[in-house]
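Participant: One structure is given below, represented as structure tokens, and several questions about it will come after.
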Amino acid sequence: MKNNTAEPPGTMIEMIKVSKLYPPDVVALKDVSISVAVGEMFFIIGMSGAGKTTLLKLISSMEPPTNGLIEISGNPIHQLKGYKLARLRQKIGVAYQDFKLLADRTTAENIAISMEVSYKKPSIIRRRVKDLLAQLNLTDKHNTITGELSRGEQQRVTLARAIANSPTMILVDEPTGNLDATTTEKVMQLLTKCNKSGATIVIATHDDSIYRHTPHRIMELRAGRTYSIVGGNGT
Amino acid sequence: MSFWVTVIRQVGRNLRQTWGSQLMTLLTVSLSVLIFAFFYLIYTNMLSLGDKLGDDLTLIVYLEEEPGPELQQQLIKKITTFDEVEDIRFVSSAMAYERFAGQLGQNEDVLDDMPKDFLPPSIEVIPFKNLRSLNQVKLFSAYLAKLPGTLKVQYGQEWVERFYYFTKLLSIVVLLSGTLLILTTIFMVAYTIRLTILGRQAELELLKLVGATNNYIRIPFLLEGLLQGILGSSIGIAALYTLFHWIRIRFSGPGLLNLFEFSFFPPVVTITIIGVSILLCTLGSYSTMHKFLRI
Ligand SMILES: Nc1ncnc2c1ncn2[C@@H]1O[C@H](COP(=O)(O)OP(=O)(O)OP(=O)(O)O)[C@@H](O)[C@H]1O
Ligand SMILES: [Mg+2]
């Protein structure tokens, strides 16, 4: 990755002392503070149950934090409502760990949803869907009901839906859990491509093959707390 | 452009998914429109019939003796103190005899043995239109009966009263069926849309997550209500019109129904009924959405 920009890029994600408690007494996150720049690729790692998914849920405003402040490109996301919140969410693509695919719709329909909500032209949607499916080795699944796909395939469909609308921020939860090395490589290539064209990317994973040699920053969570942030070039 | 393409596709999806209950709702809406419009049609026709019959409403005051010109003036004064009337005509015994003879035509000779003044003299009072509600007519006739020298007052009490109660009853039926229409349309539409919403909870959740606006989610449901309203009321009205025509053809020619011209709603009323139904259905879908769909 090259960081040739003259002025320092703006901040995409700003979290200050964020905690998340699930009743009655599960501390999923405790005093986590991070700042992710626009255009950065950022890894969140940690053992199962460390709080990675919870962190992504907070960033995408699926859940409110119990404490602390979260700003997405300057907007306090948990105070947004209605139209503004919807518009912001259109700019955030999320590949959920549990996929959240509509099992009775085809692959193409599932991917199209994220573009339909911002009223993209049907012809543009069709082209984009074909393009993404080709890049993820899923061309022959275009009209398959997603309920009939393998988990690895479903995972890629979820990713395709997350990036289809060209969001400015992409959150990916465990993108390669069910994939072989070659397909993992393909997925990472696609994400890198999105990152090169300007998208901020946050990847939660415990697959060390995808972050072992990365030049990007890696945050490790342990039991809901920031254990370490390593890598990057010091921005 | 792509906005409407997307919305219409959503609506199509909804309809496909819950077509069974959609059909039920449509049927219910049409049926309640039909029932309401049916009674309302009878009611309006009854009213215009009443108007027509009322045109001939005359109170006849039979007198003991032929009133002289002076007494006539006095009587006119007394009558008009109760209320203004359209016309007051004095009919002497002789005139009554002549009229009766005229009505008998060829059988006039049966009167040969009768004295020329066997019919009592009378006053024909034609009240103004606004006086023609039953209550007023009753009061008026009671008043006239108390005039000096009055034998009795006649105005076809029987049918006026019956007619009056009949239209009263009809107006209640119209009100009831109108209420039925309002309730069924609002609740049935609200219910089917709730069914759709519950059946697609997962999808609606996801839509919100990927950034669907309230409008994106709601407009298809509103449109669905609108569609139910348009189709339901049109079918209801069309069914009534067909029924109306069928009856007209069946009972054309000399017969009871030919006594008066039975007519269908003017276009304005038809459009109003359809418009109100559409409004009600949209209201039904709106109320559900307000409860179940919110970001
Ligand atoms: N909705 C919830 N209610 C209660 N506790 C929850 C809820 N969601 C998560 N937790 C708890 O919060 C903690 C963090 O969960 P989280 O899903 O963030 O972990 P994770 O790092 O994503 O794990 P994995 O790698 O297995 O996906 C866990 O102990 C989990 O049990
Ligand atoms: Mg997780």
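Participant: Can you name the number of the only condition in (1) within 13 Å of ligand 2 (Cβ to nearest atom); (2) touching a strand residue (DSSP E or B) at 6+ places or on another chain (Cβ under 6 Å) that A:Ser48 fails?
Facilitator: Every listed condition holds for A:Ser48 apart from (2).
Participant: So which of A:Thr66, A:Thr106, A:Thr11 is within 14 Å of chain B (Cβ to nearest Cβ), more than 16 Å from ligand 2 (Cβ to nearest atom) and either of a type outside the set (Lys, Arg) or without any contact (Cβ under 8 Å) to a residue 12 or more places away in the chain (or both)?
Facilitator: Just a single option satisfies the conditions, and that option is A:Thr106.
Participant: Shifting gears a bit: How about region B:155-198: which of its residues are loosely packed, with under 14 Cβ neighbours inside 10 Å and either in contact with a strand residue (DSSP E or B) (Cβ under 6 Å, 6 or more places away or on another chain) or under 30 Å from A:Phe99 (Cα atoms) (or both)?
Facilitator: Hit for region B:155-198 is B:Leu198, nothing else.
Participant: Additional query: Of the residues in region A:179-213, how many are among the hydroxyl-bearing types (Ser, Thr, Tyr) and within 21 Å of A:Leu55 (Cα to Cα)?
Facilitator: Within region A:179-213, the first condition is being among the hydroxyl-bearing types (Ser, Thr, Tyr), and the residues that meet it are A:182-184, A:192, A:197, A:200, A:205, A:209, A:211.
Keeping just the survivors that are within 21 Å of A:Leu55 (Cα to Cα) gives A:200, A:205, A:211.
Summing the residues that are among the hydroxyl-bearing types (Ser, Thr, Tyr) and within 21 Å of A:Leu55 (Cα to Cα) in region A:179-213 gives 3.
Participant: Only one of (1) within 39 Å of the chain's Cα centre (by Cα); (2) farther than 19 Å from B:Lys152 by Cβ; (3) assigned to a helix (DSSP H, G or I) fails for B:Glu86. Which number is that?
Facilitator: (3)
Participant: Collect the residues in region A:117-137 that are surrounded by 21 or more Cβ atoms within 10 Å (Cβ to Cβ) and at pLDDT 90 or above, keeping them in residue-number order.
Facilitator: Of everything in region A:117-137, those that are surrounded by 21 or more Cβ atoms within 10 Å (Cβ to Cβ) and at pLDDT 90 or above turn out to be A:Ile125, A:Val129, A:Leu132.
Condition check ((1) modelled with pLDDT of 80 or more; (2) hydroxyl-bearing (Ser, Thr, Tyr)) across all residues:
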| site | (1), (2) |
| --- | --- |
| B:Arg13 | yes, no |
| B:Gly20 | yes, no |
| B:Thr25 | yes, yes |
| B:Ile60 | yes, no |
| B:Val85 | no, no |
| B:Ser92 | yes, yes |
| B:Met95 | yes, no |
| B:Leu104 | no, no |
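Participant: While we're on this one: It is to be established whether one or more residues within region B:253-267 are more than 14 Å from every other protein chain (Cβ to nearest Cβ), at pLDDT 85 or above and exposed (fewer than 13 other Cβ atoms within 10 Å of the Cβ).
Facilitator: yes
Participant: Now for a different question. Test A:Glu153 against the criterion of being out of contact with any His (no Cβ under 7 Å at 6 or more places or on another chain), away from chain B (no Cβ under 14 Å) and not hydrophobic (A, V, I, L, M, F, W, C), and give yes or no. Steps first, answer last, please.
Facilitator: Numbers: out of contact with any His (no Cβ under 7 Å at 6 or more places or on another chain): yes; away from chain B (no Cβ under 14 Å): yes; not hydrophobic (A, V, I, L, M, F, W, C): yes.
It is true that A:Glu153 is out of contact with any His (no Cβ under 7 Å at 6 or more places or on another chain), away from chain B (no Cβ under 14 Å) and not hydrophobic (A, V, I, L, M, F, W, C).
Participant: Any residue at all in region A:85-94 that's loosely packed, with under 14 Cβ neighbours inside 10 Å and either touching a helix residue (DSSP H, G or I) at 6+ places or on another chain (Cβ under 9 Å) or more than 14 Å from chain B (Cβ to nearest Cβ) (or both)?
Facilitator: No - not one qualifying residue is present in region A:85-94.
Participant: Just to be sure before I move on: is A:Ile170 modelled with pLDDT of 90 or more and either within 12 Å of another protein chain (Cβ to nearest Cβ) or surrounded by fewer than 17 Cβ atoms within 10 Å (Cβ to Cβ) (or both) in the structure I sent?
Facilitator: Working: modelled with pLDDT of 90 or more: yes; either within 12 Å of another protein chain (Cβ to nearest Cβ) or surrounded by fewer than 17 Cβ atoms within 10 Å (Cβ to Cβ) (or both): no.
No: the conditions fail for A:Ile170.
Participant: Residue check: is A:Asp25 charged (D, E, K, R), modelled with pLDDT under 90 and away from ligand 2 (no atom under 16 Å from the Cβ)? Give the steps one after another, and end with the answer.
Facilitator: Numbers: charged (D, E, K, R): yes; modelled with pLDDT under 90: yes; away from ligand 2 (no atom under 16 Å from the Cβ): yes.
Yes, satisfied.
Participant: Let me ask something else. Need the failing condition index for B:Ser133 against (1) at pLDDT 80 or above; (2) out of contact with any Leu (no Cβ under 8 Å at 6 or more places or on another chain); (3) surrounded by 13 or more Cβ atoms within 10 Å (Cβ to Cβ); (4) among the hydroxyl-bearing types (Ser, Thr, Tyr), just the number.
Facilitator: Failing condition for B:Ser133: (1).
The values are calculated or read from the model by the stated rules, or taken from the named source; none is laboratory data. On a predicted model such as this, the values are computed, not experimentally measured, just so you know. Heads up, the Cβs are rebuilt from the backbone with ideal geometry, glycines too, and the neighbour counts pull from every protein chain shown.
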